[in-house]
Amino acid sequence: VLHEFISILESEKVSWALWPLKDRGEMAICHAKKNGEWNKLCQVISENWVFWNLFTQDSILSVQQEKDKYTYYRWLANESTKGWEITRKNFQNIPFEALLKALDDFSFGNCEKNNKLIPKNFENKNNDT
């Protein structure tokens, strides 16, 4: 995916840095399919704990109105730690072969693409389909 991403930017003469690839979600040039092996594995490992579910509109409004922001951010840090501990514990039980299979979802050819960001004349030089 990195090679394809840099090729697109260079062909369009766009200055680049690696930070745009950090988001494996829908804002990226491509991302693992929602029903793919990677996301299924992540759900199992995390026991469906999703950090971003903590940021509902209600929680954003309540922290803006809360005078004691320390308490809110302390709670957020504790929740983040809880999610990390769940993931770390469960990750140790995943067979290596399952992890390797799930990583195939990040192949450019297997990803869902954000076609608005990919030039129409882009040629996948790796033939990664």
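The values are calculated or read from the model by the stated rules, or taken from the named source; none is laboratory data. Nothing here was measured: the structure is a model prediction, and the numbers come from that model. Note that each Cβ is placed from the backbone with ideal geometry, even for glycine, and that neighbours are counted across all protein chains shown. Each accessible area value is taken on the protein alone, full model and side chains, heavy atoms only, with ligands, DNA and RNA left out. Shrake-Rupley method; radii C 1.70, N 1.55, O 1.52, S 1.80 Å.
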Search result, residues across the range 44-65 that are modelled with pLDDT of 80 or more, over 16 Å from Leu103 (Cβ atoms) and either in a helix (DSSP H, G or I) or open to solvent by less than 90 Å² (accessible area, probe 1.4 Å) (or both): Ser46
Among (1) open to solvent by 90 Å² or more (accessible area, probe 1.4 Å); (2) of a type in the set (Lys, Arg); (3) at pLDDT below 85, the one test that Lys89 misses: (3)
In the range 66-119, the residues that are part of a loop (DSSP other than H, G, I, E, B) and closer than 19 Å to Glu37 by Cα: Gln92, Asn93, Ile94, Pro95, Ser107, Phe108, Gly109, Asn110, Cys111
Pair list, Cβ < 9 Å and 6+ apart or interchain, from the range 56-79 residues that are charged (D, E, K, R) to residues that are modelled with pLDDT under 70: Lys69/Val63; Glu79/Phe51; Glu79/Leu54
